[in-house]
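Participant: Questions regarding the structure given below will be posed in turn.
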Amino acid sequence: MLKIGLTGGIGSGKSTVANLLAEAGLEIVDADRIAREVVEPGQPALAELAEAFGADILNADGTLNRGELARRAFVDAEHTGLLNSITHPRISAETTRRFAAAEAAGTRAVVYDMPLLIEQGLDAGMDLTVVVDVPAETRVQRLVAQRGMDENDARARIAAQISDERRRAAADVVLDNSGPREALDAQVAELVERVDRMAAAEAAE
Ligand code: ADP
């Protein structure tokens, strides 16, 4: 089974590309969604977080109060490490489970939609690494105009991520999303064809 890593800086259009790939019939494993699901009410990680950081990290309805958890966890390396030690193994196990389920179902290619693919060195395990590339200034404008994000918040998030140069250097395929939204369609179609060819070649081995 082919593994396609899809990544890009915040606001680059990763989710937009993932949606187009899903429409083209490719299976998507969404890292952000898994990270949210492992801390849903009833999941063991949420109870462990409440034990470790205090019941105040829960909202009245039992869901996770992300802001409160962030205030308590991101104070120093020790607390951040504690948070990661609770969530990361669950995220990792669930991700592995989804890849295995796709493979067992005979899926030819899976797209792993993962913002931190390169930061975490996970691109090494992919057959193809796809980077959605947009200049940082354009991303700030889109995040502010279309997602209603605070401009300073958008800039701080971009500054906390690896540089566009490092992302491009790790890419096998760069999708240029600096133009209009429609300009993505042809690039994504070309990518789908490439994935189909790779999957057919792998199946023929
Ligand atoms: P990411 O998942 O990488 O953070 P999104 O796919 O959510 O990025 O895109 C960020 C914002 O920019 C969204 O509001 C999206 O609709 C918009 N967007 C995506 N591509 C374009 C484009 N080519 N032109 C203008 N806006 C775009």
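The values are calculated or read from the model by the stated rules, or taken from the named source; none is laboratory data. Worth saying up front: this structure is predicted, and the values here are computed from it rather than measured. Heads up, the Cβs are rebuilt from the backbone with ideal geometry, glycines too, and the neighbour counts pull from every protein chain shown. For the accessible areas, the whole protein counts, side chains as well, though only heavy atoms, and no ligand, DNA or RNA atoms are used. Shrake-Rupley method; radii C 1.70, N 1.55, O 1.52, S 1.80 Å.
Participant: Name the single residue that is farthest from the ligand (Cβ to nearest atom) among those in segment 26-39 being part of a strand (DSSP E or B) and among the β-branched types (Val, Ile, Thr).
Facilitator: 29
Participant: Among 148, 62, 125, 106, which is more than 13 Å from the ligand (Cβ to nearest atom), exposed (fewer than 15 other Cβ atoms within 10 Å of the Cβ), modelled with pLDDT of 95 or more and more than 16 Å from the chain's Cα centre (by Cα)?
Facilitator: 62
Participant: Same structure again: Taking segment 166-184 as the search range and keeping residues that are in contact (Cβ under 8 Å) with a residue 60 or more places away in the chain and either over 24 Å from residue 124 (Cβ atoms) or away from the ligand (no atom under 14 Å from the Cβ) (or both), which one is most open to solvent (accessible area, probe 1.4 Å)?
Facilitator: Among residues in segment 166-184 that are in contact (Cβ under 8 Å) with a residue 60 or more places away in the chain and either over 24 Å from residue 124 (Cβ atoms) or away from the ligand (no atom under 14 Å from the Cβ) (or both), the one most open to solvent (accessible area, probe 1.4 Å) is 181.
Participant: Next question, about the same structure. Being in contact with a helix residue (DSSP H, G or I) (Cβ under 7 Å, 6 or more places away or on another chain), more than 8 Å from the ligand (Cβ to nearest atom) and not polar (S, T, N, Q) is the filter here; which residues of segment 1-25 pass it?
Facilitator: Selection gives 1, 2, 3, 4, 5, 6, 20, 21, 24.
Participant: While we're on this one: Is there a residue in segment 76-98 that is without any contact (Cβ under 8 Å) to a residue 60 or more places away in the chain, of a type in the set (D, E, K, R) and within 16 Å of the ligand (Cβ to nearest atom)?
Facilitator: Taking every residue of segment 76-98 in turn, none turns out to be without any contact (Cβ under 8 Å) to a residue 60 or more places away in the chain, of a type in the set (D, E, K, R) and within 16 Å of the ligand (Cβ to nearest atom).
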